[in-house]
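What follows is a single structure, written as structure tokens, with notes after it.
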Amino acid sequence: MTNVAHASSSTPALLLERITCTFASREEQGERYTAVADATVSVGPGEFVSVVGPTGCGKSTLLNVAAGLLFPSSGDVRISGQPLIGINRRAGYMFQAESLMPWRSALDNVLAGLEFFGVERGESERRARDWLARVGLSGFETRFPHELSGGMRKRVALAQMLILDPEIMLMDEPFSALDVQTRQMMENELLELWSANRKSVLFITHDLEEAIALSDRVIVLSAGPATRPIAEFAIDLPRPRDVNEIRLTPRFVELHSKIWHAMKDEVLKGYAQSRKA
Amino acid sequence: MPKAAKPNARVSRGRLALYHALLLGGIFGFWYAMTEPGLITPFYFDDPTRAKFFFGQPLEVFKRIYTWFVGGSIYLHLGVTLIETLLAFAIGTFLGLVCGLWLALAPTASTLADPYIKAMNAMPRVILAPIFAVWFGLGITSKVVFGITLVFFIVFFNVYQGVKEVSPVVLANARMLGASGKQLLRYVYLPSATSWVFSSLHTSIGLAFVGAVVGEYLGSARGVGYLIHQAEGVFDIDTVFAGILVLTIFALVLDFVVTRVENRLLVWRPRTAETETL
């Protein structure tokens, strides 16, 4: 196993240090559930890190902690060395579920962030149009979310996040609801946007192929409860990548089998637990 | 732009209107036949003019409505009823919206107020109308206040529900995009709650109207409810029915306006049928 000590010279853009999240059970008084235990994850500046793990293992919990939406029971969150207080203002978050405001048009959804920061309307509109064009949605400005397809809504959400130019992008299985073709297209588009302006990315997924195709580094989580990282792998595939083609290269297959080998036991454990529950 | 839901077969639209007209004509025809003295042999009342006395006559009713509108005497009463309805509706909706937002966002206040709100909603509020007449006099104030008590709860419960059911993901997303507490209220909670207010709009304007008419009926010097009450006092059934008919048409017009406003403001809501039949 190649546990790569990440050799980033500067301080990580995002550091989750010994995070533990314990929830009080809603059904039974006094009962506790530890979703994440003693997890340390770091993302270097401009690095694309994926976190893979079996379903229900607390991947989203980890991301919510990084976003500042969830306060950990113990542990530290550091953004470029600074401790995080409240919402993570330097991060953009792309959710797994529908996150667009249904009462706002595509354009108004994209410029929402700018509006919250008090950017003047003409300026924010111009930039939102530009971003919609960049994600391939010119001409859809006035459409409401329900008038767009699932893939289009994800693009709007992507533009909505990127318009604020976040230093860190937190992505929670953003493409898991899409069909395979749309998904691969979105993955390529994401890579293109990312390589044009390298941000730190923490990408959560349960799809190992997606993780390898996109990332610089893949972190494998153990099955829940008390999830923690059990292994990490550097992905030394050359960039720029095409997610469709790279899946066929020998190195990809090699990495895939290696990581899968590390994951397999955890996946089986997670599966057994979900069957018990 | 998607159009409002249409009956799916366009050809039958004209025919549907025809059937509506026929049904309406049938009802009035039946009414006429049963109440016109000497037209058919009486089978229930001994006196052939008795049916007319109890049920009125459609032609007389139309004549009454015609004189009201041509003579212009109805406009004052209609105007008063309209003002009462609109005021009760506007103030009730506003109060319901504010209280609904406030209680939904303040858990402590909500737990404290919950039993009282349930009790006030369970109370048969029609009983309050005479009390309001004592407190606020026979003018429009007592009717407006009564209408407000009816409208308030409908809007309140809808807004409360609407705020509670704002998607947590949409909310978290807005927070990640930098929305402050105030901005969350304005850009997320309020639009979400408004859609719930609109879904209750038909009910609440209807209740505002009921409040106005019942209030007038129980004690006033103006309004359509007052007209009906006066006519009942002298057994003038034709006028009573004329008043009811005017009120019904009035309510239909209000409902039509509400539908229009709703379609204009809720364009973002998904509709089930968006395909057009060719």
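Here are the numbers:
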| read-out | value |
| --- | --- |
| Failed item, numbered, when A:LEU164 is tested on (1) within 13 Å of A:GLY92 (Cβ to Cβ); (2) more than 13 Å from chain B (Cβ to nearest Cβ) | (2) |
| Unmet criterion (only one of (1) under 19 Å from A:PRO12 (Cβ atoms); (2) at pLDDT below 90) for A:ALA272 | (1) |
| Odd one out for B:PHE198 among (1) within 12 Å of chain A (Cβ to nearest Cβ); (2) under 25 Å from A:GLN160 (Cβ atoms) | (2) |
| Only listed residue being touching a residue at least 40 places away in the same chain (Cβ under 8 Å) and either assigned by TED's automatic domain parsing to the domain that holds B:THR149 or part of a helix (DSSP H, G or I) (or both), chosen from B:PHE94, B:PHE89 | B:PHE89 |
| Odd one out for A:MET101 among (1) more than 13 Å from every other protein chain (Cβ to nearest Cβ); (2) buried (at least 22 other Cβ atoms within 10 Å of the Cβ); (3) modelled with pLDDT of 90 or more; (4) over 21 Å from A:GLU192 (Cβ atoms) | (1) |
| The one condition in (1) away from every other protein chain (no Cβ under 14 Å); (2) touching a Phe, Trp or Tyr at 6+ places or on another chain (Cβ under 6 Å) that A:ALA67 fails to fulfil | (1) |
| Within segment A:116-132, tally of residues that are more than 13 Å from chain B (Cβ to nearest Cβ) and β-branched (Val, Ile, Thr) | 0 |
| Selection status of A:GLY53, surrounded by fewer than 21 Cβ atoms within 10 Å (Cβ to Cβ), away from chain B (no Cβ under 14 Å), touching a Ser or Thr at 6+ places or on another chain (Cβ under 9 Å) and within 28 Å of A:LEU193 (Cα to Cα) | no |
| Some residue of segment A:84-92 being touching a strand residue (DSSP E or B) at 6+ places or on another chain (Cβ under 8 Å), in contact (Cβ under 8 Å) with a residue 40 or more places away in the chain, in a loop (DSSP other than H, G, I, E, B) and at the interface with chain B (Cβ under 10 Å from one of its Cβ atoms) | yes |
| Unmet criterion (only one of (1) within 20 Å of B:GLY96 (Cβ to Cβ); (2) under 19 Å from the mean Cα position of the chain (by Cα)) for B:SER192 | (2) |
| Subset of segment B:54-68 (residues that are assigned to a helix (DSSP H, G or I) and surrounded by 13 or more Cβ atoms within 10 Å (Cβ to Cβ)) | B:PHE55, B:PRO58, B:LEU59, B:GLU60, B:VAL61, B:PHE62, B:LYS63, B:ARG64, B:ILE65, B:THR67, B:TRP68 |
| Of the criteria (1) within 18 Å of A:LEU170 (Cβ to Cβ); (2) out of contact with any Phe, Trp or Tyr (no Cβ under 8 Å at 6 or more places or on another chain), which one A:GLY139 fails | (1) |
| Among residues of segment A:106-140, those that are in contact with an Asp or Glu (Cβ under 9 Å, 6 or more places away or on another chain), surrounded by fewer than 21 Cβ atoms within 10 Å (Cβ to Cβ) and part of a loop (DSSP other than H, G, I, E, B), counted | 2 |
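The values are calculated or read from the model by the stated rules, or taken from the named source; none is laboratory data. Everything numeric in this text was worked out from a predicted model, so none of it was measured. Cβ atoms come from the backbone with ideal geometry, glycine included; neighbour counts cover every protein chain shown.
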